[in-house]
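Read through the structure below, which is laid out as structure tokens, and then see the notes.
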Amino acid sequence: QVQLVESGGGLVQPGGSLRLSCAASGVSISTTDIGWFRQAPGKQREVVATINSVNITKYAESVAGRFTISRDNAKNTIYLLMNSLKPDDTAVYYCNWKLHSRIWGRGTQVTVSS
């Protein structure tokens, strides 16, 4: 079955960095668009960053210049390097193919606080 497993979240101080990983199984992520999404308390899920099959990336304006999405096809894994983290980045982060997907993993919690 298709499964997405996010990891790498944690507690970090403002200005710090984290690297999130999303390991996929049951499907190849190399041939489709895929991205990172996040949901903060009291807010709707939003797109953070996407990457397509030829590694064209797009970012939400709120994270552009600070976050980098990448892919490792051999590991069937995508990553999100988050630099210069802000408290507003606090959220549960998910990977998926669509914002309105019917299938979601558990996500990984990112908390940015001093």
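Other residues with beta-carbon under 13 Å from the beta-carbon of A91 carry, at +1 per Lys or Arg and -1 per Asp or Glu, a net charge of 0. As a ratio to 2.2 N^0.38 Å, the alpha-carbon radius of gyration for the chain is 0.98. Residues whose amide H falls under 5 Å from that of K86, counting only those 5 or more places apart or on a different chain, are G15, with hydrogens built in the peptide plane.
I need the calculated FRET efficiency for the pair V27 and S113, taking r as the beta carbon distance and R₀ as 25 Å, to the nearest 0.05.
Working: r = 35 Å, r/R0 = 1.40.
Taking R0 as 25 Å, the efficiency between V27 and S113 is 0.10.
Working note: Karplus 6.51/-1.76/1.60 with θ = phi - 60° gives the stretch 53-70 the couplings 5, 10, 6, 7, 10, 9, 9, 5, 4, 5, 10, 4, x, 10, 10, 9, 9, 8 Hz, where Gly and Pro are set to x.
Give the relative contact order (percent, whole number) for the chain; include only Cα pairs under 8 Å separated by 6+ residues. Mind showing how you got there, number by number?
Working: 275 pairs, mean separation 41.2, N = 114.
Relative contact order for the chain comes out at 36 percent.
Here, each number is a calculation from the coordinates, and none is a lab measurement. What you see is a predicted model, and the numbers here were worked out from it, not measured in a lab. Every residue, glycine as well, gets a Cβ built from its backbone with ideal geometry; the counts of neighbours run over all protein chains shown.
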